[in-house]
Amino acid sequence: MTNYSWNWSVFFQSVPSGDATYIDWIIAGLIGTIVLSITAWILALIMGGIIGTLRTVKNPIISSIASGYIELFRDIPLLVQLFIWFFVIPEFLPQTARDALFQMPPLYSQFLTAWICLGLFTSARIAEQVRTGIQAVPDGQTAAGLALGFTTLQIYFTVRIPQAIRIIMPALTSEFLNIFKNSSVATTIGFIELSRQAQQLVDYTAQPYEAFIVITALYMLVNIIVMLLMHKLEKKLQIPGYITGDK
Amino acid sequence: MRLLKTSLAVLTISALGLSSVALADSATLNKIKETNTILLGHRESSVPFSYYDNNQNVIGYSQEIEMKIVNAIKAKLNLPDLKTKMLPVTSANRITLLQNGSIDIECGSTTHNKERAQQVGFSNTIFIIGTRLMTKNNSGIKDFPDLAGKNVVTTAGTTSERILQKMDNDKDMNMNIISAKDHGEAFLMLQSGRAVAFMMDDALLFGERAKARNPEDWVVVGKPQSYEAYGCIVRKDDPEFKAIADETIAKLMTSGEINTIYDKWFNKPIPPKNLNLEFPLSEKMQALFKAPNDKPFE
């Protein structure tokens, strides 16, 4: 480290094209990371909720389709999945769809690919948590529902799912934090997000430590905010005396 | 007994002192001598500069120069059994790995520019490239102005990326600039039709072209937008070590030996697919061979 010359003012220097400073680049990257993560999170919650619930139904065909989905997305590395979505899948699209995809501004097609990839990858993980959450609701409650004349759907929507959501909140928080970290894979297809901007800074300024220290701090900051908000929500939704342990 | 111990200690200290006087100028040479090992950085897919052949050996134009430098160090330090350790580096980590001592020298396709020169030392220039475009032979793209409104791909963190961005800003060209992770992926984006052109160092474009399924489908076009000098990187403030690299490179060039090496990598079939890059020696390179120097273009 003795050979390294620190230069924190690098962030306020003008970029080569002269229309911004490096700090603007970092902010653009931060926005990219946040937008991608939050939208992918919404996709993951919807798909994860549906698949996880289907995994618990009695019908063996439906539940095995759901578990096939989960295994497919859980067993392949995220980076490989992104590569498949970006390079392989478009080859199988009809010519018109492929042309439409390739002719849209690259930022959109990069975002679309990363959004689907990250959303579905995370949905498989959420599905598993939803399944365990639903299964954690005591069977007696289902029996009680049936005795009261509820249909299976009613039991799911009024008894099992609402409780499952409250039970799995801590696990969902971890997944929410993960999605912010995993969004960094989008850098490999050229999407503008935080870790790509750090790489760019390294290549343009040769100041790797400053760039990575700053983005590390930003990832931490974002995740600390997410954690605090999720903890608040968790407290609110907590079932007294259940799993998370109310005092 | 005590006297013996004391005198032994004195002897040891003065011996240590002597040997450190002998080589005190170069921390890198000292380290190489002490460990009998030199740590070399290489690139994994910079065809034809530094890359793997089919047997996972590192080969290439820059690699060959790097080994000449190693031989010069062997001779200088009188270490005929000097061990070499190879470490693959990327454009993102090569400077850090050099500074933290993981490698002693890297010869690949590293452009000498002023930002990098603040962190590391550059040897004499080993290659000069021009930044140009590769496109499909029927794309209708002849030069940079034809890129207006089009998707253009380049590799993240390269000078080409900066030039494209500046060109887009200055001339309001409405280009969509895609930055791929590495040259291979950038070429894949070109081949799949996501971009109509790939801007990069011309020598690397010829290298990517040689890897294509049908090399004859791809052409390198356009007036070079910049020239860049590739150098080997060494630790800064180690002039004695840099001098060995500089002398080795200068001698290769002025003796004419470099012409054989150039021909081998740019005008003859090369691994892994036995394709000929057919990349003629430029005027700038001829001038460099006549007068070796360590000056960047920037």
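Observations on the model:
- Residue list for the range B:229-274, restricted to those being assigned to a strand (DSSP E or B) and either surrounded by 18 or more Cβ atoms within 10 Å (Cβ to Cβ) or small (G, A, S) (or both): B:A229, B:Y230, B:G231, B:C232, B:I233, B:V234, B:R235, B:I270
- Restricting attention to the range B:77-99, the residues that are crowded, with 18+ Cβ neighbours inside 10 Å and of a type in the set (D, E, K, R) total 1.
- Looking only at the range A:9-24, and only at residues there that are touching a residue at least 40 places away in the same chain (Cβ under 8 Å) and open to solvent by 30 Å² or more (accessible area, probe 1.4 Å), the one that is nearest to the other protein chains (Cβ to nearest Cβ): A:P16
For every residue, the table says whether it meets (1) in contact with an Asp or Glu (Cβ under 8 Å, 6 or more places away or on another chain); (2) in a helix (DSSP H, G or I).
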residue	(1), (2)
B:Q56	no, no
B:S62	no, yes
B:I65	no, yes
B:I69	no, yes
B:A75	no, yes
B:L79	no, no
B:K85	no, no
B:A92	yes, no
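- Looking only at the range A:103-121, and only at residues there that are assigned to a helix (DSSP H, G or I) and farther than 14 Å from A:W85 by Cβ, the one that is modelled with the lowest pLDDT: A:Q103
- In the range A:82-118, residue surrounded by the fewest Cβ atoms within 10 Å (Cβ to Cβ) [restricted to those that are touching a Ser or Thr at 6+ places or on another chain (Cβ under 7 Å) and in contact (Cβ under 8 Å) with a residue 60 or more places away in the chain]: A:W115
- In the range B:51-70, the residue that is nearest to the other protein chains (Cβ to nearest Cβ) out of those that are open to solvent by 10 Å² or more (accessible area, probe 1.4 Å) and over 14 Å from the mean Cα position of the chain (by Cα) is B:Y52.
Rundown of residues vs (1) outside any strand (DSSP E or B); (2) buried (at least 18 other Cβ atoms within 10 Å of the Cβ); (3) within 13 Å of chain A (Cβ to nearest Cβ); (4) touching a residue at least 60 places away in the same chain (Cβ under 8 Å), yes/no style:
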residue	(1), (2), (3), (4)
B:S179	no, yes, yes, no
B:M189	yes, yes, yes, no
B:A195	yes, yes, yes, no
B:M200	no, yes, no, yes
B:A203	yes, yes, no, yes
B:R209	yes, yes, no, yes
B:R213	yes, no, no, no
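- The residue that is nearest to A:A211 (Cα to Cα), among those in the range B:71-105 that are away from chain A (no Cβ under 14 Å) and of a type in the set (D, E, K, R), is B:K85.
- Subset tally (residues that are assigned to a helix (DSSP H, G or I), open to solvent by 60 Å² or more (accessible area, probe 1.4 Å) and over 25 Å from A:N178 (Cα atoms)) for the range A:44-81: 5
- Test result for B:F122, open to solvent by less than 20 Å² (accessible area, probe 1.4 Å), within 14 Å of chain A (Cβ to nearest Cβ) and either touching a helix residue (DSSP H, G or I) at 6+ places or on another chain (Cβ under 7 Å) or closer than 19 Å to B:K284 by Cβ (or both): yes
- Among the candidates B:G149, B:G140, B:G157, residue that is more than 14 Å from chain A (Cβ to nearest Cβ) and modelled with pLDDT under 95: B:G140
- Of the residues making up the range B:154-177, those that are assigned to a loop (DSSP other than H, G, I, E, B) and either hydroxyl-bearing (S, T, Y) or under 17 Å from B:E228 (Cα atoms) (or both) number 3.
- Test: A:I192 is buried (at least 18 other Cβ atoms within 10 Å of the Cβ), without any contact (Cβ under 8 Å) to a residue 24 or more places away in the chain, at negative phi and in contact with a Leu (Cβ under 8 Å, 6 or more places away or on another chain): no
The values are calculated or read from the model by the stated rules, or taken from the named source; none is laboratory data. Computed from a prediction, not measured in an experiment: that's the story for all the values here. Note: ideal-geometry Cβ built from the backbone for every residue, glycine included; neighbour counts use all protein chains shown. Surface areas here come from the heavy atoms of the whole protein model, side chains and all, with no ligands, DNA or RNA. Shrake-Rupley method; radii C 1.70, N 1.55, O 1.52, S 1.80 Å.
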